[in-house]
Amino acid sequence: MTRPFGRVALVFQDRESPCLLDSFPLHTPLRWRTLNHMVQCQQAHLDASFAALSDATRRGILERLGHADASITDLAEKFRMTLTGIKKHVGVLEQAGLVTTEKVGRVRTCKLGLRRLEEEAAWIERYCQLWDERFDELDKVVEELTRKEKSDERKNRK
Amino acid sequence: MNARIESKPGPVKNRTTVERKSDREVVVTRTINGPARIVFEAFTKAELLKRWWVPKSMGMTLLSCEVDARVGGKYRLVFDHSPEPAAFFGTYVEVKPYSRLAWTNEESGEGGPVTTVTFEEKGGKTLVVLHESYPSKEALDAAGTGAADAMVETFDQLDELLVALGESSGQ
């Protein structure tokens, strides 16, 4: 069973006008400016990361790990999956660099690999910035034309 | 005398959302405060398009903007760019007035995306859904940095300026 996870919103709080992104855990740190410098160097990892994020259970695991580290057993209980099933998901996340695991004794603990997640969010943030600015300007143009049309209509009716 | 009083539309800012749907697709959505007919015109008439297409923060000036929004028609936007002007161009592949528009992006050869935009009017506002589909995931990854590089530079400059101002005012 997958959690009723659906879309998770990430709102950029340091922006004047918030930009809503889907499919990212809530607890991603927001340090975009410094991040932008890193992004270019690390394109190769993006594909694996986005593929990893395309699954609702895996996004749920990331969100869970955003609150606290958890063992494979914890996660299996939480998501009502077999140990093997959870291990597979964690494996995909680990390969993408989104999660790190450490085995102490018989317990494997999973942690969020935050750095990689920031890269993905930064990638989308750039895209979002571009379109957000464009659409703000479009709004102005459309509002002006709509106003003009309405006043022309009124003039014609007189 | 005009009996109708219109409430002045306040500066209500709608949200822009961006979602990477798959390895090759990005979807951008935004509600625009106006009817689909006018939003569609703002996309398809050169004199309107050039008023909003280039964000100020990109620090680029549009030298020319030609739009022939018919199926098979071309568009061409030329920017003031160093060392020489940069052109963005392509062909309209779908033009369905007030509801749907699609064009190719050919400036970088065959690897360019196809952009599809749908316009859905509801209560006087228009939901714009813009879908960019790239032929390969590598092309999409590259677009994330390519298109917005100029903007990042601008922000870097702003950062430097803010640091400089902070230092001087702290003295």
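The values are calculated or read from the model by the stated rules, or taken from the named source; none is laboratory data. Keep in mind the model is a prediction, meaning the values are calculated, not measured. Here the Cβ is made from the backbone with ideal geometry for all residues, glycine too, and neighbour counts use every protein chain on show.
Just a few scattered comments:
- All of B:28, B:71, B:18, B:93 fail the test of being in a loop (DSSP other than H, G, I, E, B) and either away from every other protein chain (no Cβ under 11 Å) or under 14 Å from the mean Cα position of the chain (by Cα) (or both), apart from B:71.
- Residues of segment B:74-90 classified as of a type in the set (Phe, Trp, Tyr) and either surrounded by fewer than 15 Cβ atoms within 10 Å (Cβ to Cβ) or part of a loop (DSSP other than H, G, I, E, B) (or both), total: 0
- Condition check for residue A:133: at the interface with chain B (Cβ under 7 Å from one of its Cβ atoms), without any contact (Cβ under 8 Å) to a residue 60 or more places away in the chain and closer than 21 Å to residue B:125 by Cα: yes
- When residues of segment A:60-119 are limited to those that are under 17 Å from the mean Cα position of the chain (by Cα) and over 17 Å from residue A:49 (Cα atoms), the one modelled with the highest pLDDT: A:64
- Close contacts from segment A:144-158, counting a first residue that is farther than 10 Å from residue B:38 by Cβ and a second that is part of a helix (DSSP H, G or I), with Cβ to Cβ under 8 Å and a gap of 6+ residues or different chains, come to none at all.
- Screening residue A:153 with (1) more than 30 Å from residue B:56 (Cβ to Cβ); (2) in contact with a Ser or Thr (Cβ under 9 Å, 6 or more places away or on another chain); (3) within 14 Å of chain B (Cβ to nearest Cβ) gives one miss only, at (2).
- Of residues in segment B:32-62 being surrounded by fewer than 19 Cβ atoms within 10 Å (Cβ to Cβ), more than 7 Å from chain A (Cβ to nearest Cβ) and modelled with pLDDT of 90 or more, the one nearest to the chain's Cα centre (by Cα): B:50
- Wholly enclosed strands (runs of 3 or more DSSP E) of segment B:96-171 bearing at least 1 residues at pLDDT below 90 and surrounded by 13 or more Cβ atoms within 10 Å (Cβ to Cβ): B:125-133
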